[in-house]
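Participant: Take this structure first; my questions come after.
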Amino acid sequence: MEQYSADLRVGSTDFNSSGWQEVISSADREEYYYLSQAFCHAAREASEAGHMAKSKILWLLGKACSMRLVPDSRNEPFAPMVFVDDNPSDEWSVFTSADIQFFGEILDSVSDPMIAARLADLLWLLGKPKNIRHAHKAIDSYTSEPITEANALYIIKYWERGARLALTFGKSTKDKLDRIETDLLVAFHNDYKEYHFLVRDIGQLLYELHLAENQLEDIANRLFTLGQKVGEGVSIHGAREYFELAHKFFKRIKDLTAANDCLLAIAESYVAEAKQRLSGDSPSAMVANSFFENAIQAYRRIPVKDRESYGVAQKISEVRHCLAETGKESLGEMGLLQTPPVDISEVILAAQAHVAGKEALDLALLCFTGLYRGPIVSQLREAAEAQLRDSPIRALFGTTHMAGDGRVVARTPGLNVWDSDNNEAAIWTETVRNFSTEIEFVVRGSILPALDIILQEHTVTRDFLLITCYQSPFVPEGRKELTAKALWFGFEKDFSTAIHLLTPQLEHMIRTGLKAAGAHTTHVDKEGIETENGLSTLLDLPEAEELFGPDYLFEFKAIFANAHGANLRNEVAHGLLDDDSSSTVATVYAWWLTLRWVVRSIIAPKLQAVSDDSEAKALEPEE
């Protein structure tokens, strides 16, 4: 429904009789979001009553208040409050020239400082030609309300916007900027009983705006002292934020000793918080583990030349021990989520029938390697995006991935609702997770049942596999026997041995293919020493996607070279696979994947593996 007619003209007389002040009084709180809600509600009521001029005025005020203030942006200080289906709730660019003219007419009649600040700011941004009086009005209105604990949650943003506007005009607004600096310093040195972090917020603003430059040492010392006080009884996390800000101020005045004291306090706050989370009513080794990890990173921020005087090496050693212990204990805190069982009996029967009754072993293997074409990454990605979109609460929170020994091996951030372009990590992780689920079905429903039939009907010898490897252009010279032996262990169902042999050979096959495609697969250090790049680096080369295509490239990464997946190359290279983890769905799939490339490269040269098992079916004898 249209909110109002664009042709309807309104002016100051209509504004004075619109009841806008009563609407402000009816708002739950005098913040822009609540003011917007109140104005829009009143506008609907006025429209239903047939008071169209009043309705339009209230709609305009509601729209003016509906935007989120982004005070550190000079050119786009307003952003949509919310997004619905990727569309912003309102944008400041929607106002017409008639709307801006109306705001100009009523500005001097607006007594409420928040409404006056917003209208003056919009007039300064959108008015043509620009009128510096509007900027001055915005500065005075944004900074007219004193900073108190009652308005602490929102007032700093208003003062920041006012101060940044004042900084824009130099000498013409120096008196305003001086007043702002004085008022901020007074507020900074006040004591607050309820909102303990208001001093930190004001200090951050002083730091960012380079205000009170002649009082930086006093500011830094007060921040450090408050950090100690807050850490003792209020919040260790809050104390750390005070220490971080104090560190910035001490660095600015080049007091490096005091700056290092802040870094030490930050590190020790992480240790204290970790120990705190190991006790109490709800102890958690998993949470403590995260804080111990952060403590190590914090200790390392202390410059190397100063670490000895602070005993950093010993402190890191002690924290490492705690990190290992809590990592192991974290595994016991993880719960098992079970889904209802899925009947895959028909899938199993279809897979077995697909390979059964083949007189020749090579035909059986051709059918066996055609059971699954591999991932279609575009479909997996679309499904991942849909899952994240349909489960917004889960998507907002990041995830931590832990190895079997309790080590954190990867982290995934939650979705950024304000900047969808920075959500690739979350989407990638969900895509890999979907693929992991898919290969669980493939291995249990197709590969292993079909392998049983092949082993019942055929004898798979090393010699046969050696001949196969010699015929395959995918297997480089000098690697035929090793690859054949690795594949043979899979047919012996010794996947633990197979994966340890196959992983380095597959890496070499990929490296050889990339070299043939003209890629540079080595790295030369500053001393001129040339070393071969690892698999993850190889798969990130632009030639890799050209050679293997997006689907197979994703498959290689998800299985062998990414911490959110099986990461088998890393697990094998560092000896991290044990008796159990070396014989899993992932290792079975990795063995079958390699067999697929070897077998199908024979009938599809140039590393173009057959992606559709229709060719295998076409080779089956007619009944």
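Participant: Name the one entry in His564, His523 that is outside any helix (DSSP H, G or I), more than 27 Å from the chain's Cα centre (by Cα) and not β-branched (Val, Ile, Thr).
Facilitator: Just one listed residue meets the conditions, His523.
Participant: Among the residues of the stretch 327-339, are any in contact (Cβ under 8 Å) with a residue 60 or more places away in the chain, within 30 Å of Leu448 (Cβ to Cβ) and β-branched (Val, Ile, Thr)?
Facilitator: no
Participant: What is the residue count in the stretch 281-312 for residues that are surrounded by fewer than 15 Cβ atoms within 10 Å (Cβ to Cβ), of a type in the set (A, V, I, L, M) and either at pLDDT 95 or above or closer than 23 Å to His237 by Cα (or both)?
Facilitator: Within the stretch 281-312, residues that are surrounded by fewer than 15 Cβ atoms within 10 Å (Cβ to Cβ), of a type in the set (A, V, I, L, M) and either at pLDDT 95 or above or closer than 23 Å to His237 by Cα (or both) number 0.
Participant: List every residue pair whose Cβ atoms lie under 7 Å apart, where the two residues are 6 or more positions apart in sequence or sit on different chains, the first residue falls within the stretch 529-551 and is more than 20 Å from Val432 (Cα to Cα), and the second residue, located anywhere, is among the hydroxyl-bearing types (Ser, Thr, Tyr).
Facilitator: Hits for this filter: Glu530/Thr522; Thr531/Thr522; Glu532/Thr521; Glu532/Thr522; Asn533/Thr521; Asn533/Thr522.
Participant: Applying the selection to the stretch 546-561, what residues are open to solvent by 10 Å² or more (accessible area, probe 1.4 Å), under 23 Å from the mean Cα position of the chain (by Cα) and small (Gly, Ala, Ser)?
Facilitator: Ala561
Participant: Residue check, Phe435 against (1) in contact with a Pro (Cβ under 6 Å, 6 or more places away or on another chain); (2) open to solvent by 50 Å² or more (accessible area, probe 1.4 Å), all met but one. Which one?
Facilitator: (2)
Participant: Considering only the stretch 201-227, how many residues are under 15 Å from Tyr242 (Cβ atoms) and open to solvent by less than 40 Å² (accessible area, probe 1.4 Å)? Steps first, answer last, please.
Facilitator: To start, the set of residues in the stretch 201-227 that are under 15 Å from Tyr242 (Cβ atoms) comprises 201-207, 218-227.
Then drop every residue that is not open to solvent by less than 40 Å² (accessible area, probe 1.4 Å), which leaves 201-203, 205-206, 219-220, 223, 226-227.
Residues flagged as under 15 Å from Tyr242 (Cβ atoms) and open to solvent by less than 40 Å² (accessible area, probe 1.4 Å) within the stretch 201-227 amount to 10.
Participant: Any chance you could count how many residues in the stretch 496-512 are touching a residue at least 24 places away in the same chain (Cβ under 8 Å), open to solvent by 10 Å² or more (accessible area, probe 1.4 Å) and out of contact with any Lys or Arg (no Cβ under 7 Å at 6 or more places or on another chain)?
Facilitator: Of the residues in that region, 5 qualify.
Participant: Next question, about the same structure. Could you grab me the full set of residues in the stretch 468-491 that are of a type in the set (A, V, I, L, M, F, W, C) and open to solvent by less than 20 Å² (accessible area, probe 1.4 Å)? Walk me through how you get there before you give the answer.
Facilitator: Initial filter on the stretch 468-491 (of a type in the set (A, V, I, L, M, F, W, C)): 469, 474-475, 482, 484, 486-489, 491.
Hits for the stretch 468-491 are Cys469, Phe474, Val475, Ala484, Ala486, Leu487, Phe491.
Table: residues versus (1) more than 30 Å from Ile180 (Cβ to Cβ); (2) open to solvent by 10 Å² or more (accessible area, probe 1.4 Å); (3) touching a residue at least 60 places away in the same chain (Cβ under 8 Å).
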{"residue": "Ala239", "(1), (2), (3)": "no, no, no"}
{"residue": "Lys254", "(1), (2), (3)": "no, yes, no"}
{"residue": "Ala259", "(1), (2), (3)": "no, no, no"}
{"residue": "Tyr270", "(1), (2), (3)": "yes, yes, no"}
{"residue": "Lys275", "(1), (2), (3)": "yes, yes, no"}
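Participant: From the residues in the stretch 447-461 that are in a loop (DSSP other than H, G, I, E, B) and closer than 16 Å to Leu363 by Cβ, which one is most open to solvent (accessible area, probe 1.4 Å)?
Facilitator: Filtering the stretch 447-461 for residues that are in a loop (DSSP other than H, G, I, E, B) and closer than 16 Å to Leu363 by Cβ, the one most open to solvent (accessible area, probe 1.4 Å) comes out as Thr459.
Participant: Look at Leu501 and say whether it is closer than 18 Å to Val598 by Cβ and either over 32 Å from the mean Cα position of the chain (by Cα) or among the aliphatic types (A, V, I, L, M) (or both).
Facilitator: yes
Participant: Let me ask another. Residues of the stretch 4-27 being open to solvent by less than 80 Å² (accessible area, probe 1.4 Å) and assigned to a loop (DSSP other than H, G, I, E, B), which ones?
Facilitator: Across the stretch 4-27, the qualifying residues are Tyr4, Ser5, Ala6, Leu8, Val10, Gly11, Ser18, Gly19, Ala27.
Participant: If you don't mind, another one. Among the residues of the stretch 190-200 satisfying the criterion of being more than 28 Å from the chain's Cα centre (by Cα) and open to solvent by less than 80 Å² (accessible area, probe 1.4 Å), which is modelled with the lowest pLDDT?
Facilitator: Taking the stretch 190-200 first, the residues more than 28 Å from the chain's Cα centre (by Cα) are 190-196, 198-199.
Then drop every residue that is not open to solvent by less than 80 Å² (accessible area, probe 1.4 Å), which leaves 190, 192, 195-196, 198-199.
Numbers: Asn190: 93, Tyr192: 89, Tyr195: 83, His196: 80, Leu198: 93, Val199: 94.
Filtering the stretch 190-200 for residues that are more than 28 Å from the chain's Cα centre (by Cα) and open to solvent by less than 80 Å² (accessible area, probe 1.4 Å), the one modelled with the lowest pLDDT comes out as His196.
The values are calculated or read from the model by the stated rules, or taken from the named source; none is laboratory data. Owing to the predicted nature of the structure, the values given are computational and were not obtained by experimental measurement. Backbone-built Cβ (ideal geometry, glycine too); neighbour counts: all protein chains shown. These accessible areas exclude ligands, DNA and RNA; they are computed on the full protein's heavy atoms, side chains included. Shrake-Rupley method; radii C 1.70, N 1.55, O 1.52, S 1.80 Å.
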